[in-house]
Structure formats: structure tokens, C-alpha cells
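First up is the structure itself, then whatever we jot down about it.
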Amino acid sequence: MIRYSRYLMPTTKETPSDAEVVSHRLMLRAGLLRKVASGIYNYMPAGLRVLRKVERILREEMDRAGAQEVLMPAVVPSELWKESGRWDAYGKELLRFKDRADREFCLGPTHEEVITDLVRREVRSYRQLPLTLYQIQDKFRDEIRPRFGLMRGREFFMKDAYSFDADEDGAAESYRKMYGAYCRIFRRMGLDFRAVEADTGNIGGSSSHEFMVIADSGEDAIVSCSSCAYGANVEKAECSPAEAATSPMGTGTAKEGAPRKVSTPGRRTIEEVSAFLAIDPATLIKTLLFETSVGDVAVLVSGPHEVNEVKVRNRLGAEWVRLAGEERVRELTGAPSGFAGPVGLSVRTIADHSVRGIRSGATGANEKDAHLVDVVPGRDFAPEEYVDLRMVRDGDACPRCGAPLRFSRGIEVGHVFRLGTKYSEAMRAVYLDESGKERVSVMGCYGIGVGRTAAAAIEQNHDDDGIVWPISIAPFEVAVIPVNVKHADLASAAERIAAELDTRGVEVFLDDREERPGIKFKDADLTGIPVRITLGEKNVAAGFGEIRDRKTGETLRIPLAELANAAIALVERKKAECAP
Ligand code: ATP
Ligand code: MG
């Protein structure tokens with residue numbers, strides 16, 4: 001049993017000014033978290049209890065799925081990262097440093113290299129496969145913009161798991177098992193989540209799913225089909241092949257001859273140009289110039305659409321892509337930005353499907369204040385290829401079934417990857433198969449952010465008064481509040497009931513502070529303990545106490561002798577709501 005009078009849970013009324021999202025605000029106000037530096041925190045006692053509960057669920061479900069827990073170091077020698085090629089590729093999120101002997105290290109942001117090194121040393125035979133190992137460990141990523149408290153920190157706990165299989169079929173099975181474990185994990189935490197197709201980013205590999213907790217404050221936009229099970233991060237969301245083939249943006253008929261130059265003084269944006277020329281924006285060929293790790297590239301898309309940079313990067317097989325700045329645009333096109341076009345442009349050019357169907361279009365003339373009209377793709381310019389390069393839009397057809405796609409926002413709490421042989425090949429993690437032949441093992445990796453998941457739970461479960469914890473990850477299950485501890489009967493009734501609950505295995509938080517009842521109630525609401533027992537003078541004198549459900553606000557008056565039973569029944573009911 002915890003007594004508030006002796007417990008470090010400093011609640012505050014003020015809303016911290018640098019906390020932009022509700023979970024960050026409430027974690028600070030409820031005394032769960034304190035900042036040390038940007039993206040780096042102290043976990044206070046009650047906050048740590050929440051994280052430990054998340055971790056317990058993670059361990060139970062990893063173990064159930066047959067994974068074995070290990071613990072790898074946070075400090076990782078550069079040699080391993082050089083073997084995989086990520087020492088140079090990973091960028092500034094990787095915190096690098098040297099020891100006294102000038103040897104290079106990094107703080108591990110993820111542990112594919114370390115685990116692959118471990119497994120290549122220990123696994124020799126197909127008999128040792130499949131093997132899935134996991135850890136719950138402190139990660140460091142020097143995020144550009146740490147924010148939202150535990151949601152995007154620099155130092156944070158992650159559960160990361162890695163599977164090794166003899167072949168692709170085995171790897172698919174390991175992936176399926178982890179996917180199933182993830183569904184159980186987030187259900188047990190009482191979260192409304194969706195698994196969506198995702199880009200593989202820095203980690204690499206062939207395919208991946210993100211587990212998204214649905215919340216308006218989420219940093220990720222996701223699309224889901226209104227009819228079938230398709231869901232994807234917008235970064236990844238495919239445009240319907242049928243839509244691409246019919247090119248709904250194509251209009252008009254190709255004119256004979258050549259493009260005509262027209263004056264468009266100061267008109268740069270799609271809106272400005274289409275209004276000025278009185279043309280359908282869908283017939284405008286938007287030309288975006290990118291600097292990439294594989295050279296300069298012009299990307300074409302029809303006027304109303306946006307280019308999806310992740311699709312561009314993946315299509316080019318580039319490590320990075322970024323929109324060219326004003327200066328570079330001038331160098332490449334000879335004109336200020338807003339007037340670029342593919343006609344006569346000597347830059348590698350790829351086009352989105354939406355450009356293919358344009359019969360007679362308009363585009364920048366690579367000259368200040370000028371555009372070209374009567375432009376015919378194929379005749380006046382020829383992109384290297386037409387592929388899917390644009391962002392999907394709300395209402396677009398689902399790439400699987402054709403029904404309209406819908407947008408929502410999500411917080412990525414987990415990510416599962418099919419890695420294939422990216423790391424095992426580079427680092428020679430091999431085993432001998434049944435015929436004694438050496439083979440490369442096939443990998444998967446699976447991450448869940450511990451703190452981010454707790455924060456996401458708050459984003460989804462709070463009201464004006466504070467946190468409404470799902471009971472499975474609440475710091476305590478029952479709060480016992482004697483409204484006046486100086487009143488001997490109330491104090492002793494509270495002690496008795498708290499002790500009984502404690503012996504019966506309930507996590508009890510006894511607010512034995514000499515505070516006004518209003519303050520105690522406010523703190524109980526703020527900290528979100530799911531069940532509250534209130535002992536007031538009149539009720540106790542009459543042999544009663546109150547039970548209140550934090551979530552519904554429903555309050556019951558119960559005889560003192562039955563109070564513990566009633567509280568336990570409510571706890572059990574709440575636990576059942578978090579059943580996998
Ligand atoms: P994001 O796109 O949000 O940066 P990521 O794709 O980099 O995430 P992964 O590399 O897949 O994330 O990491 C696995 C999990 O670790 C994520 O699903 C998330 O829950 C957690 N995580 C990643 N970065 C952070 C961070 N900066 N702070 C807290 N948790 C994080
Ligand atoms: Mg990241």
C-alpha cells in the first residue's frame with residue numbers, strides 16, 4: 001500500500017507552458033514526469049509504475065509468443081554499424097562519441113547490428129532456428145525535434161525483438177506471431193488501435209506494419225478503407241492502379257504543333273497559374289526539383305496533387321531526398337522557383353501516373369514569369385517512367401477494393417518489419433542447413449516504445465479533470481480517500497479498508513494527507529486511478545462508504561463491510577474490459 005503523505009507525486013494545477021499535447025501536460029501535472037533536458041526525463045515514482053506495467057504486459061506477451069529476453073548494451077562500438085553500412089547512412093539521430101582510446105561508439109537507437117552479431121556467433125545450425133530474442137532497453141535518438149514529452153523523447157525505453165529463421169516461410173511465421181502478440185498487447189492496454197502498412201525507413205527490409213493508436217493529436221496520418229481491411233500510413237498508401245490507368249486528370253485533346261509560351265507575371269502557385277490562364281488545375285504539370293543521394297531529380301505530378309517524398313525516395317532507391325532550395329532551382333532551370341517545367345529540362349525526370357493522361361497541359365517554361373501551354377506529354381517531354389509518386393487524398397479509391405479511403409490520425413506505438421537478409425547478409429549471420437550447406441538467416445524486427453505507449457494511452461483516455469487510465473496500466477487500481485484524516489473514525493475506516501484491499505492483492509493508494517477534500521478529489525481525478533473509495537463523515541457514521549468509477553463518474557453508496565468486495569468487483573470488471 002502506498003501512502004500519499006509519504007509519496008513523491010507532486011501534482012500541479014498550472015498547465016506547463018511548453019507542453020503542447022494533453023498527455024505531456026497531464027504527465028507533468030500528475031507528477032509522473034520531470035524534464036532534465038530536451039527529450040530527457042526523470043520518471044517519478046508513479047510514472048515509473050506505469051512504465052513497469054506496460055513492460056510487464058510486453059514481457060508476458062513476448063514470452064507467450066516464444067521470444068526470449070536478453071539485454072544488450074546501450075553503448076555500441078562503431079565497427080558493428082560500419083559492417084551494416086548504417087554508420088554513415090543513419091544520419092544525425094545517431095549519437096556518436098569516442099572513448100579515451102579514441103575508439104568510436106554510438107548510443108544504440110535500435111539494435112539490429114548488436115543482435116545480428118550475437119546470433120552469428122551463437123547460432124550454427126538449422127536446429128537452433130527459429131529464434132526470437134527481445135529486450136526492454138534504454139534507447140537514444142538525437143531527434144531533430146524532441147517534443148510531446150515521452151511521445152518523442154531522445155532517451156526512451158523500447159521493447160525491441162528480433163527474429164531469425166531458416167527461410168522466408170519461417171520468417172513469415174515469426175512475423176505473424178509477433179503481429180499477433182502486438183494485437184494482444186495493445187488490447188490488454190485497452191487501446192483503440194489499428195495495424196497499417198508502413199514505410200520501412202531507416203531500418204530497411206521488405207515490408208512492415210505500424211501499430212497506430214487512433215488519436216487526433218497523432219503525428220501520423222493514416223488512411224483506412226471504408227469497406228475492406230486495407231489501412232496504411234499516408235507515407236506508404238498506394239494509389240489505386242485502376243485510377244492510375246484511367247488517369248481521371250486527363251482532359252482535352254492534343255493540339256498539333258508545339259507548346260506555346262505565355263506570360264504569367266508573378267504567378268507561381270497552381271491556384272494562381274490556373275486562375276490566370278483560366279485552365280483546369282488538373283491539366284497543370286507541377287514540376288518539383290529534388291536533390292537526392294543519387295543526384296538531382298525532377299518529379300512531375302498533376303496540379304491538384306502533392307508529391308509523396310517517401311515514394312520518391314523508395315522509387316529512386318535513394319538514402320535521402322530533399323526539395324531543392326531556391327538557389328538550386330535557379331541553377332537547374334534558369335528560373336526562379338514556380339516556373340519549372342519538364343520541357344527542355346536536362347534533369348533526370350520521373351512522373352506520377354496523374355501526368356500520363358494529360359492530353360494538353362500547362363507547365364512552367366523554365367523562365368521567369370512564363371509558362372507553356374498546349375504541352376503534350378510524350379511529344380514535348382518524356383519522363384523516364386510513370387509511377388505512383390503522389391499522396392493519396394481523402395475519398396481516393398482503395399487500392400485493394402476501390403471503396404473510398406478515409407483519413408485519420410494515429411500515434412505510432414509499435415512497428416514490425418520483415419527485414420529479409422539485409423543485416424544477416426551484410427554481417428554474415430549464417431547457419432548450416434540439413435545438408436550441411438551454409439545459408440543466411442532471414443530476419444524480422446519488432447519495436448514498441450514503452451513511454452510513447454503510455455502517453456498514447458493518455459491521449460486516448462482523459463477528460464477535463466485528468467487522466468482516465470485503463471486499469472491494466474494505471475499506477476494504482478484503487479484510491480482510498482478519507483475526507484478528513486483528523487477525524488479518528490474516518491482515518492481508521494480508511495486504514496482498515498486499504499489494508500483489506502492490499503491483502504487481497506489490490507494496488508491501493510491511500511490519500512492520508514491533511515488536505516481539504518476538494519484537493520484530494522481533484523488529485524484523484526488528475527492522476528486517473530480507476531476506482532475511488534471515499535469515506536466521508538456522514539456516510540461513515542451511518543456505516544457507509546462511496547465507490548466512484550473514474551471513467552463514468554458513477555458513484556455507489558455501499559455498507560462499509562461490503563466496500564472492499566464492491567471495489568474488487570469493479571476492479572475485476574475493468575480488468576475484463578482489457579482482456580486480449
Ligand atoms: P517515428 O516515425 O515516430 O520516429 P520510428 O519509425 O523512428 O518512429 P521505430 O524505429 O520503428 O520508430 O521504433 C520502434 C518504436 O519505438 C516506435 O514504434 C515508437 O513506439 C518508439 N519510438 C521511436 N522513436 C521514439 C522517440 N523518439 N521517443 C519515444 N518513442 C519512440
Ligand atoms: Mg524516428
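I'd like to verify something in the chain: which complete DSSP H helices, judged by Cα projection on the helix axis, reach 24 Å or more and average at least -0.5 on the Kyte-Doolittle scale? Write down the numbers at each step before the final one.
On the way: long enough: 45-64 (28 Å, -0.72); 168-188 (30 Å, -0.99); 560-577 (26 Å, 0.26).
Helices meeting the span and hydropathy rule in the chain are 560-577.
Tell me the mean residue ellipticity at 222 nm calculated for the chain from its helices only (DSSP H runs of n ≥ 4, each -39500 (n - 2.57), averaged over every residue, nearest 500). Walk me through the numbers before you get to the answer.
Values: 17 runs with 171 residues, N = 580.
So the helix-based figure for the chain works out to -8500 deg cm²/dmol.
Report, in debye and to the nearest 20, how large the dipole of the chain comes out about its Cα centre when Lys and Arg carry +1 and Asp and Glu carry -1 on their Cβ. Don't skip to the answer; put the middle values down first.
Values: 82 positive and 89 negative charges, 136 e Å.
Dipole size: approximately 660 debye.
Check Asp220: other-chain or 5+ apart residues with amide H under 5 Å from its amide H, H built from backbone geometry?
Gly410, Glu412
Using only alpha carbon pairs under 8 Å that are at least six residues apart, calculate the relative contact order of segment 204-361 and give it in whole percent. Don't skip to the end; give the middle numbers.
Details: 203 pairs, mean separation 43.0, N = 158.
The normalised contact order for segment 204-361 reaches 27 percent.
List, in order, the whole-Hz ³J(HN,Hα) value for each residue of segment 399-404 obtained from phi through the Karplus relation with A = 6.51, B = -1.76, C = 1.60 and θ = phi - 60°; use x for Gly and Pro.
Listing the rounded values in order: x, 8, 10, x, 5, x Hz.
Return the loop-located GluC sites (Glu not before Pro) in segment 514-567 (DSSP other than H, G, I, E, B) with at most 10 other Cβ atoms within 10 Å of their own Cβ; answer none if there are none.
Working: sites: Glu514, Glu515, Glu537, Glu546, Glu554, Glu562; in loops: Glu514, Glu515, Glu554.
Counting only loop positions with at most 10 other Cβ atoms within 10 Å, the GluC sites (Glu not before Pro) in segment 514-567 are Glu514, Glu554.
Restrict the search to segment 312-360; then list the GluC sites (Glu not before Pro) that DSSP places in a loop and that have at most 16 other Cβ atoms within 10 Å of their Cβ. It would help to have the intermediate numbers written out before the result.
Working: sites: Glu319, Glu326, Glu327, Glu331; in loops: Glu319.
Listed in order of number, the matching sites are Glu319.
Leaving out ligands, DNA and RNA, what percent of the accessible area of the chain is carbon and sulfur, probe 1.4 Å? Could the numbers behind the result be given before it?
Numbers: 12210 of 25240 Å².
Here carbon and sulfur together make up 48 percent of the probe-accessible area.
In µm²/s, what is D for segment 62-123 at 25 °C and 0.890 mPa s, where D = kT/(6 pi eta Rh) by Stokes-Einstein and Rh is the Kirkwood radius from Cα pairs?
Once the numbers are plugged in, D ends up at 191 µm²/s.
Leaving out ligands and nucleic acids, and using a 1.4 Å probe, what accessible area per residue does the chain come to in Å²?
Accessible surface, normalised per residue, equals 44 Å².
Please report the relative contact order for the chain, taking Cα pairs under 8 Å with a sequence separation of at least 6, and give it as a percent rounded to a whole number. Please report the intermediate quantities before stating the final value.
Working: 1286 pairs, mean separation 99.9, N = 580.
The normalised contact order for the chain reaches 17 percent.
Taking the alpha-carbon centroid of each part, what is the distance from segment 519-559 to segment 266-286 in angstrom?
63 Å
Which semi-axis lengths, in whole Å and largest first, follow from the square roots of five times the eigenvalues of the Cα gyration tensor of the chain?
Details: eigenvalues 562, 196, 95 Å².
The three semi-axes for the chain are 53, 31, 22 Å.
Whole Å is fine, so just give me how far the alpha carbon centre of segment 373-417 lies from that of segment 30-107.
Spelled out, the Cα-based centre of one part sits 35 Å from the other.
Per residue of segment 146-156, what does 6.51 cos²θ - 1.76 cosθ + 1.60 with θ = phi - 60° give for ³J(HN,Hα)? Whole Hz please, x for Gly and Pro, Karplus curve as stated.
Going residue by residue, I get x, 6, 6, x, 6, 5, 9, x, 9, 9, 7 Hz, with x marking Gly and Pro.
Counting alpha carbon pairs within less than 8 Å and at least 6 residues apart, what relative contact order, in whole percent, applies to segment 1-98? Show your work: numbers first, answer last.
Details: 58 pairs, mean separation 15.1, N = 98.
This gives 15 percent for segment 1-98.
So which trypsin sites (Lys or Arg not before Pro) in segment 52-119 are both in a DSSP loop and have at most 15 other Cβ atoms within 10 Å of their Cβ? Before the final figure, lay out the partial values.
Details: sites: Arg52, Lys53, Arg56, Arg59, Arg64, Lys82, Arg86, Lys92, Arg96, Lys98, Arg100, Arg103; in loops: Arg100, Arg103.
Passing sites in segment 52-119 are Arg100, Arg103.
Considering amide H positions built from the backbone, and no H for Pro or chain starts, which residues 5 or more places from Arg359, or on another chain, come under 5 Å of its amide H?
HN-HN under 5 Å from Arg359: Thr251.
Taking θ as phi - 60°, what are the ³J(HN,Hα) couplings along segment 207-214 by the Karplus curve (6.51, -1.76, 1.60), each to the nearest whole Hz, with x for Gly and Pro?
7, 7, 10, 9, 9, 10, 8, 6
Which cross-chain or sequence-distant (5 or more) residues have an amide H under 5 Å from the amide H of Lys139, H modelled 1.01 Å from N in plane?
It is Phe156, Phe157, Met158, by chain and number.
Name the residue from Ile497, Tyr43, Gly204 whose Cα lies farthest towards the positive end of the charge dipole of the chain, charges +1 on Cβ of Lys and Arg and -1 on Cβ of Asp and Glu.
Positive-most Cα among the choices belongs to Ile497.
The values are calculated or read from the model by the stated rules, or taken from the named source; none is laboratory data. No experiment lies behind these values; they were computed from the predicted model shown. Because the Cβ atoms are built from the backbone with ideal geometry, glycine has one as well, and the counts that use them run over all protein chains shown. Remember, those area values only see protein heavy atoms, side chains included, never the ligands or the DNA or RNA. Shrake-Rupley method; radii C 1.70, N 1.55, O 1.52, S 1.80 Å.
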